[in-house]
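Undergrad: I'd like to ask you about the structure that follows.
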Amino acid sequence: MNCFLESVNIFPKSFLLLEIKHTSCIYHAIMPTETKVKSIDGGKMIRKIIRIDKEKCNGCGACADACHESAIDIINGKAELVREHFCDGLGDCLPECPTGAISFEEREAPEYDEEAVKEAQKKIFAKNQAITAHAGCPGSKSMQIQRSEIPKSGKPSSTTGQVSNLQNWPVQIKLAPVSAPYFNGAKLLIAADCTAYAYAGFHQDFIRNKVTLIGCPKLDQVDYSEKLTAIIQNNDIQSVTIVRMEVPCCGGLEMATRKALQNSGKFIPWQVITIGIDGNIIE
C-alpha cells in the first residue's frame with residue numbers, strides 16, 4: 001500500500017494525531033509525543049504552528065501577553081514568533097489579536113520542547129520575583145518614580161501663567177475628520193497617549209504651533225495607518241513629528257505613521273522622539 005503523510009496535528013502536550021490518506025481512504029493514528037514524526041524528505045517535523053502577518057500586526061503586544069510559553073516577542077514594533085520550539089500550536093494568542101494578524105499553518109518546524117519551556121518559565125519567574133511581580137508587555141509594568149516634592153500652589157496652574165498650546169479638537173486619531181480645515185498647511189504632531197503625562201513640558205516643546213493627534217495602538221486595538229494615510233494624502237502637511245514612549249507597544253504608533261508616510265506618496269520631513277518612563281527624552 002502506497003501511503004503518504006498528509007498532516008500532523010499536535011494535541012495538548014501528550015499525543016500526536018497522524019492523518020494518512022490512501023486513495024479514497026483516510027486513516028488516523030494516535031501516538032505518544034515521544035515518537036519522532038518527520039516529513040518525507042527527512043526534514044523537520046511537520047506540525048501546526050502559528051503564523052504572524054506583519055502587515056496586519058499593530059505591535060500592541062496582546063499576543064505576547066497571552067502566550068504562556070513566551071514564544072512571541074515584540075521586535076521593532078511588530079510581533080514575532082522568535083522561539084518556534086516554544087509554540088505548542090494550541091493558539092492561546094489567536095483570539096487576543098485585535099487585527100486578525102495571527103493564524104495557524106502546518107509547516108516544517110522544530111518539535112515543541114516542553115522541558116525547555118518549563119526551564120525558561122522558571123528563569124522568568126525568578127527574575128520577576130527579584131524585580132517585581134510582572135509578566136508580559138513592559139508597558140504594563142508597574143513602578144514608582146521618586147521625585148522631590150513640589151510645593152502646592154494655591155491656584156490651579158491655568159491661572160498662574162501656564163497657557164494651553166492646543167490648536168485643534170478632537171485630538172484622538174480615531175475621531176479626527178480627514179478633511180478638517182486645520183490640517184491644511186499644518187505641522188503634524190502624532191503622539192502616544194502617555195507622552196503628555198510623562199514629559200512635563202509637552203505643550204511648550206511639542207504641541208506649540210502644531211496640529212496634535214494622539215492614540216494608543218494597544219488600547220484602541222486598531223491599525224492607524226489607513227486613517228493617517230488619508231490625512232496626509234488629502235491635506236498639505238508640512239512636517240510630521242512622532243512622539244512615543246520607550247515601551248515596545250508604542251512601536252505600533254511609529255510603524256503606522258511610517259507606513260502612512262510611505263503610502264501617501266509624498267516627501268514630507270519627519271522625525272521620531274522617544275520619551276523615557278522617567279519623563280526624559282531618550283537620545
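Values quoted throughout were computed directly from the atomic coordinates according to the rules given, and no laboratory measurement underlies them. Keep in mind that what you see is a predicted model, and the values were worked out from it rather than measured. Glycine also receives a Cβ, built like all others from the backbone with ideal geometry; neighbour counts cover every protein chain displayed.
Undergrad: Report the label-to-label distance for Gln238 and Ala116 in nanometres (one decimal), using points 7 Å from each Cα along the Cα→Cβ vector.
TA: Distance between label points: 5.4 nm.
Undergrad: Sort Cys60, Cys216 so the one with the fewest other Cβ atoms within 10 Å of its own Cβ comes first.
TA: Cys216, Cys60
Undergrad: For the ranges 245-258, 199-212, 64-77, what's the packing order if you count other beta-carbon atoms within 10 Å of each residue, average per peptide, and put the highest first?
TA: Answer by packing, highest mean first, reads 245-258, 64-77, 199-212.
Undergrad: Moving on to the next point. Evaluate the distance, in nm, between pseudo-label points positioned 7 Å from the Cα of Ile268 and of Leu94 along their respective Cα→Cβ axes.
TA: 3.9
Undergrad: Then there is this: Checking the table Lys54/Lys218; Lys227/Lys266; Lys54/Lys187; Lys78/Lys218; Lys56/Lys218; Lys187/Lys266 against a 23 Å threshold on Cα-Cα, which pairs fail?
TA: Beyond 23 Å: Lys54/Lys187.
Undergrad: Okay, next question. Could you give the distance between the Cα centres of region 69-111 and region 211-243, to the whole Å?
TA: One Cα centre to the other: 28 Å.
Undergrad: Quick one: if the Förster radius is 45 Å, what FRET efficiency do Val178 and His68 give, using the C-beta to C-beta distance and rounding to 0.05?
TA: Computed FRET efficiency for Val178 and His68: 0.65.
Undergrad: For Ala230 and Ile281, FRET efficiency with R0 = 41 Å and r from the beta-carbon atoms, rounded to 0.05?
TA: The pair Ile281/Ala230 has a calculated efficiency of 0.85.
Undergrad: Now for a separate question. Taking the Cβ of Arg51 as the centre, find all other residues whose Cβ is under 14 Å away and add up their charges (Lys, Arg: +1; Asp, Glu: -1).
TA: Result for the neighbourhood of Arg51: -1.
Undergrad: What order do you get for Val243, Val272, Val163 when you list them from fewest to most C-beta neighbours inside 10 Å?
TA: Val163, Val272, Val243
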